[in-house]
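Let me begin by presenting the structure, written as structure tokens, before commenting on it.
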Amino acid sequence: MPGSIQSIERAAALLKLMARTPGGLGVVDAANALGLAKGTTHGILRTLVGVGFVEQDPAGRYRASATLADLAEAGLDANELRSRAVNWADSLASRTGEAVRIATLTEGGVLVVHHVFRPDDSQQEMEVGDVLPAHACALGKVLLASTGTPRGHLVRYTSRTITQPLALRRALTAVREQGWALDVDEHVPGQASIAAPVRDRGGLVVGAIDVHGAVDDLVDPRLRPRAGLVPAVRHAARAISRDLGAESA
Amino acid sequence: MSRGQATQAPGRDGFVVAIDQGTTSTRCILFDHDGRLVAVTQREHRQHYPRPGWVEHDAAEIWRSVERLVPAAMAQAGAGPDDVVAIGIANQRETTVLWDRRTGEPVGRAVVWQDTRTSDLVDEMAADGGAEKYVERCGLPLATYFSGPRLRWLLDATPGLRWRAERGEVLFGTIESWLVWKLTGGPDGGVHVTDVTNASRTMLMNLQTLDWDPAMLAAMDVPEAVLPEIRSSAEVYGRARTVVPGARIAAALGDQQAALFGQTCFSPGDAKCTYGTGSFLLMNTGREITRSSHGLLTTVAHRIDGEPASYALEGSIAVTGSLIQWLRDNLGLISTAPEVETLARTVEDNGGCYFVPAFSGLFAPHWRSEARGVIVGLTSYITKGHLARAALEATAWQTREVVEAMDADSGLRLASLRVDGGMTSNNLLMQTVADVLDAPVVRPMVSETVSLGAAYAAGLAVGFWSDLDSLRRRWHRAAQWRPAMEPEQRQSEWENWQEAVRRTFGWIRH
Ligand SMILES: Nc1ncnc2c1ncn2[C@@H]1O[C@H](COP(=O)(O)OP(=O)(O)OP(=O)(O)O)[C@@H](O)[C@H]1O
Ligand SMILES: [Mg+2]
């Protein structure tokens, strides 16, 4: 195995051992199980504690941490997310009379994983698979609010696009505090969107849901969301989160 | 369409409770007057496979699910018993339950529609020249799929049971009968009824008279005392004595007929395909009984109390979603059903691999009970991604088979396909269905159409909704997939699929 790093291999072996021993292990037991020197084992275990993959209990025994188990869950499968969200996305579209999207963060933007047409039976195109600029839509702002501002240039799409990093940071702080995001004319002129976060077990944001449509339909002349829209979006987001196992979304 | 909550059209208060008792799980969904889903609870029940080809459920476990799910859904919506305007039931069809009238306990396990234990019995009856005689009366081919032979099998196999059945000590029903009887009091005054759509799947009901057919009862050796009374699909059968005491139980339909109703396919020519454990294409044929010459079933679509019945042609596919579950549970290729799409997208195409899941033989349009599943075209190139794709394509090609049969019987070409059910959240699958049919595929705003149909029927029966037109106006397009496959490719893949299907035939030799 060219280029393999011995200490990482040993760390991996320790993690596997730990995962198989829910009650935890002392340093000596762990070292014996893997045929390693006690000092080496201790060093690796301290490092794993440092990154949060291993915990030490009051009795001094080491065990795999909850964070480690969460690693896999963090990447909720996008198809799984859609499958769990369909009913509530439909209900939101029906309730508001607007189109609904669900999105996750991806390389270079926001990936649309589900799309419900505006319920007026007009011709509409499926937007699943489209990638939207995160800083210029409500879905993106909700997702960025939980991960931090993106690096790199903030592209201008309209005169209302937020292109200053500081302004974006402020906007994201507001989104975090109020629990929803709004975009008016920031990506496509004449279009607005309102989004809220979808959370997984443990509260991790795994996606966002929005309603989007014509500016006049979504906001009043002073650019405030029309009555009922924000609660409807947040209600749908909470219902999906509840189905995903989030306790108090 | 109302816009925004604040400007919502003045609606009617209350909710309709729909119970969707399915093959793998039971759901309870509350709908408001606008036909919107306001609460949903769901619970799986155990599948018992005591022998190859046998599939059983515990009807008592299913009843316990209903007892829990309905109050939980009501709590989710903040609804009390007074808010429930009616209860509608949709159920897995053909699954056969026998229970003790006095104790209210099931007699043995329920025998599920996928179960093939009656194959010898069915062959014997066919040897008697039964098939043609029977299809004339009940619209169904002789197959292990239906509940009549299952009932006969149970009465034959269990010592003393026939005797008790003749004396009315033991009752028969499909799942909706069981649930209505339990809800209305069980041993203490329970109402023993079935609806025409469920009865039309027994092989015991005459399609013309919509009553038990004496000749069929004689042929299946079934005593009339064991049978429920056949009622319409939308009327008040009784009031609940438990779970939601006082609520009117106002509809029952087989799940596929409920989905047809939920898709508002009320007019002749309207059709839908529901993608769940199996998949079922149904086309409303109106007041006429239409006979298929291409392997479809004739069945009752619905009957509203006081009106004549509407009939339907049906293409039943036994294994679609259950194949995905098999990939998950038996092969461990995926850990959840939706992940099959992620896995399938790791490859560009099927790599030359075809998967025909004839696990319970093949249903429509082949009706080959001796067929068994095959995976063909395997080479060392094939990965699990290709298998996932082949599994999804199997659902698409089986849809094409039943659509072609429907086109041939009706003399029309399906212009677009209305779809619903759990598998419609799979975009790759829905695109593939559009590709192989060369027709747009359309999903409505409520994909829980089974529940919606049961709710619509119950709501109509109690006057919560006024008429079919008002329901039709509530149908809206939520998604559409357009065909995007080259004609040459469609043709050559179709030929490969048909060749793969031929390789399943004749595997079980009697
Ligand atoms: N994203 C998906 N891709 C492929 N198959 C899926 C997906 N989501 C669900 N399924 C399959 O769909 C089926 C569940 O759908 P649904 O709940 O509509 O089925 P059902 O037949 O109504 O269930 P039941 O048998 O309980 O009535 C399962 O067999 C599952 O494997
Ligand atoms: Mg179902």
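The values are calculated or read from the model by the stated rules, or taken from the named source; none is laboratory data. Model, not experiment: these values are computed from the prediction. Glycine also receives a Cβ, built like all others from the backbone with ideal geometry; neighbour counts cover every protein chain displayed. To get the accessible areas, we keep the full protein, side chains included, count just its heavy atoms, and leave off ligands, DNA and RNA. Shrake-Rupley method; radii C 1.70, N 1.55, O 1.52, S 1.80 Å.
Hey, could you get me the Stokes-Einstein D for chain A, Kirkwood radius over alpha-carbon pairs, 20 °C and 1.002 mPa s, rounded to whole µm² s⁻¹? Calculated translational D: 105 µm²/s. At q = 0.12, 0.22 Å⁻¹, what is the base-10 log of I(q)/I(0) for the range A:80-207 according to the Debye formula with one equal point scatterer per Cα and no solvent? Please give it to two decimals. Once normalised to I(0) and log-transformed, intensities are -0.44, -1.44. In the calculated pair-distance distribution of the range B:15-256, the portion above 30 angstrom amounts to 24 percent of the Cα-Cα pairs. Qualifying trypsin sites (Lys or Arg not before Pro) in the range B:283-328, where qualification requires a DSSP coil assignment and no more than 12 other C-beta atoms within 10 Å, comprise B:Arg287. Within chain A, what is the longest stretch that has no trypsin sites (Lys or Arg not before Pro) placed in a DSSP loop and near at most 11 other beta-carbon atoms within 10 Å? So the longest stretch without any such site is A:1-150. Residue by residue along A:107-120, Cβ atoms of other protein chains within 10 Å of the local Cβ number 3 on average. Divide the volume of the convex hull around the Cα atoms of the range A:6-73 by the residue count and you get 81 Å³ per residue. Peptide A:85-95 has a mean of 6 when you count, residue by residue, the C-beta atoms of other protein chains within 10 Å of its C-beta. The modelled label-to-label distance between B:Ile508 and B:Arg473, using points 7 Å beyond Cα along the C-beta direction, is 5.1 nm. For the range A:78-243, carbon and sulfur atoms together expose 50% of the accessible surface, with a 1.4 angstrom probe and every protein chain in place.
What is the interface area between chains A and B, defined as buried accessible area summed over both chains with a 1.4 Å probe, reported in Å² to the nearest 100? Chains A and B together bury roughly 3000 Å² of accessible area. Descending by average beta-carbon neighbour count within 10 Å, the peptides B:470-478, B:196-204, B:93-101 line up as B:196-204, B:93-101, B:470-478, the highest first. Counts of other chain beta carbons within 10 angstrom of each beta carbon in peptide B:34-41 average 3. Shown is the FRET efficiency for A:Ile8 and A:His153, computed with R0 = 51 Å from the Cβ-Cβ distance and rounded to the nearest 0.05: 0.90. Looking at the range A:63-152, the GluC sites (Glu not before Pro) that sit in a DSSP loop and have at most 14 other Cβ atoms within 10 Å of their own Cβ are A:Glu107, A:Glu125. Scanning residues 5 or more positions from A:Arg226 or on other chains, those with amide H under 5 Å from its amide H are A:Val219, A:Asp220, with H placed 1.01 Å from N in the peptide plane. Close amide H pairs (under 5 Å, H built 1.01 Å from N) link B:Phe359 with B:Gly373, residues at least 5 positions away or on another chain. Interface residues of the range B:302-339, defined as those losing at least 50 Å² of solvent-accessible heavy-atom surface relative to the isolated chain (probe radius 1.4 Å), are listed as B:Pro338.
Computed from phi, the 3J(HN,Hα) profile of the range A:223-228 under the Karplus parametrisation 6.51, -1.76, 1.60 (θ = phi - 60°) reads 6, 9, x, 5, 3, x Hz, with x in place of Gly and Pro.
Relative contact order for chain A: 14 percent, from Cα pairs under 8 Å spaced at least 6 residues apart, divided by residue count. Each label point was placed 7 Å from the Cα along the Cα-to-Cβ direction; for B:Arg167 and B:Ala126 their separation is 3.8 nm.
Over the range A:78-243, accessible surface divided per residue gives 41 Å², non-protein components excluded, 1.4 Å probe.
D by Stokes-Einstein for the range A:171-249, Kirkwood Rh over Cα pairs, 20 °C, 1.002 mPa s: 165 µm²/s. Work through the residues other than B:Pro483 whose Cβ is under 9 Å from its Cβ and net out their charges, Lys, Arg +1 and Asp, Glu -1. My count for the surroundings of B:Pro483 gives 0.
Surface composition of chain B: carbon plus sulfur atoms contribute 47% of the solvent-accessible area (1.4 Å probe, protein chains only, all chains present). Placing R0 at 22 angstrom, the Cβ-Cβ distance between B:Glu499 and B:Trp326 gives a FRET efficiency of 0.45 after rounding to 0.05. From the alpha carbon centroid of the range B:407-472 to that of the range B:237-265 is 19 Å. Dipole magnitude for the protein assembly as shown: computed about the Cα centre from +1 point charges on Lys and Arg Cβ and -1 point charges on Asp and Glu Cβ, it is near 2160 debye.
A Cα-only calculation for the protein assembly as shown places Rg and Dmax at 28.0, 87 Å. For chain B, the relative contact order works out to 14 percent when only alpha carbon pairs closer than 8 Å and six or more residues apart are counted.
Accessible surface for the range A:6-73, divided over its residues, is 57 Å² per residue with a 1.4 Å probe. Between the range A:1-52 and the range B:23-77, the alpha-carbon centres lie 46 Å apart. Max-minus-min Cα coordinates of chain B on each principal axis give 65, 63, 43 Å, with the largest extent listed first.
Rolling a 1.4 Å probe over the protein heavy atoms gives the range B:5-148 an accessible area of 39 Å² per residue.
Of the trypsin sites (Lys or Arg not before Pro) found in the range B:369-441, the ones in coil according to DSSP and having at most 15 other Cβ atoms within 10 Å of their Cβ are B:Arg413. 3J(HN,Hα) along the range B:407-420, derived from phi through the Karplus expression 6.51 cos²θ - 1.76 cosθ + 1.60 where θ = phi - 60°, amounts to 4, 5, 5, 8, x, 10, 9, 4, 7, 7, 10, 7, 10, 7 Hz, with x in place of Gly and Pro. For the pair the range B:171-216 / the range B:266-339, the C-alpha centres are spaced 20 Å from each other.
Ellipticity at 222 nm from helices only: DSSP H runs of n ≥ 4 in the protein assembly as shown, each -39500 (n - 2.57), divided by the residue count, give -11000 deg cm²/dmol.
With a Förster radius of 25 Å applied to the C-beta separation of A:Thr173 and A:Arg222, the computed FRET efficiency comes to 0.70. Think of the range A:6-73 as having a plus end and a minus end, set by charges on the Cβ of Lys, Arg, Asp and Glu; of A:Val28, A:Val49, A:Leu68, A:Val28 sits farthest toward the positive end of this dipole.
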